[in-house]
Amino acid sequence: MAEHIPLMLDIDSRLVYGRSFVTHAYTAKYPPSMDSKGVKFKDAAPGLIAGWSTFGNRRSGNQPGTKVEFKLLRFDTNEHAANAAKAMAEDSNAVYPAKMPLTVNGYPMSSAFLSQYDSVKTWTPHDNFVAETYISNNMATPPDPAPLLDLTKRMLDKQFELLKGYKPTPADKLSEVPADIDGLLGKTIPSDKPTVTTGVYTSHAALHRQTQPDSIKRAFEDADVDLVAERGSILFRTANSAAAKRLLAAYLAQGVDRYEAMDSPPGLPDTRCSRTKDESAADSKYRCFLSHDRYVALVPSEQPQDLYQKTAAQYKLLAGG
């Protein structure tokens, strides 16, 4: 599904920052959270099959400016999708009362509201899908919903245009979809527990989970990245060894403002490790990048010894075939 969801920077080229920790898949087992405590999504909005969330930010971290949160949810029927849009809107407004209803031009079925924080939030059914948006700009003085509504419309226009080329796997066939492609997931280190981010992604889908998707998009294109696997580590498959080294260099250059270099594990060639400069950041405190053949691996951890052990294990997985 993520392959058919636009990057937020493709809607507005100023939205160059992402947040990996809020960008992931949804399933019937792992649905979105409702705002009301004690309300289960499956009870309020039955019929969910799958979904994806993504994010766009004009500035890094929590700095002020335009922020966009977007979800696309797929349901088993059009009726369930329409009911879910209403249920999610009602639940949100029950917890965070809206200032007033709004109208999204061209989308009369959309439940749209101006929030108490002058953000625009919408839930729009489209066939058996629901698109949810939350757009804010805390630098606007005075607050003005018009540009936020315009951005909402552009997002919906682009998303529903992309859905015309989407052929979703039937719900009763999802269990037959291979969890791995070309054995790539098997080359990553195991995670401590299953997560909604585990899987193999196309390059476009993987860009949703990048902190700076604009610069990494160019690096992906230069290195001809075709697949990315994510489990306990993240593995990028490039065109060849030279391309892998260029991709590694691009990631290191991107992280200089947020990470400082530290010693790498001994005996591991083409490995670069670093620690975060801001321990309050959502990213892992420590990480190592390594390249081997056509692959680049990112190994995150919260403490150095664990990082070194996992990086050594990752290298063995790649060097062993």
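Just so you know, all these numbers are worked out from the coordinates, no wet-lab data involved. Worth saying up front: this structure is predicted, and the values here are computed from it rather than measured. Here the Cβ is made from the backbone with ideal geometry for all residues, glycine too, and neighbour counts use every protein chain on show.
Some points to look at:
- Both numbers refer to the Cα atoms of segment 2-172; Rg and Dmax are 15.3, 50 Å.
- Based on Cα atoms of segment 235-321, Rg over Rh with Rh as the Kirkwood radius reads 0.95.
- Highest mean packing first, where packing is the average number of other Cβ atoms within 10 Å per residue, the peptides 287-296, 172-181, 235-244 line up as 287-296, 235-244, 172-181.
- q = 0.13, 0.21, 0.22 Å⁻¹: log10 I(q)/I(0) that the Debye formula gives for segment 156-256, counting C-alpha atoms only: -0.57, -1.20, -1.25
- What the phi angles of segment 96-108 give under the Karplus curve with 6.51, -1.76 and 1.60, with θ = phi - 60°, is a coupling list of 10, x, 7, 6, 6, x, 10, 10, 9, 4, x, 10, x Hz, glycine and proline written as x.
- Taking label points 7 Å from Cα along the Cα-to-Cβ direction, Asp43 and Lys86 give a separation of 2.0 nm.
- Vicinal HN-Hα couplings computed from phi for segment 292-302 (Karplus, 6.51 cos²θ - 1.76 cosθ + 1.60; Hz; Gly/Pro x): 8, 6, 8, 10, 10, 10, 10, 10, x, 6, 9
- C-alpha long axis of helix 213-223 to longest principal axis of the chain, angle in °: 40
- The chain: most fluctuating residue of Val256, Val299, Val225 per GNM, C-alpha cutoff 10 Å: Val256
- Modelled this way, with points 7 Å down the Cα-to-C-beta line, the labels at Asp222 and Thr141 are 3.9 nm from one another.
- Build a GNM of the chain with springs between Cα atoms under 10 Å apart, and of Leu207, Leu114, Leu268 the one that fluctuates most is Leu268.
- Residue with peak Gaussian network fluctuation, the chain [Cα springs, cutoff 10 Å], from Ala98, Ala25, Ala85: Ala98
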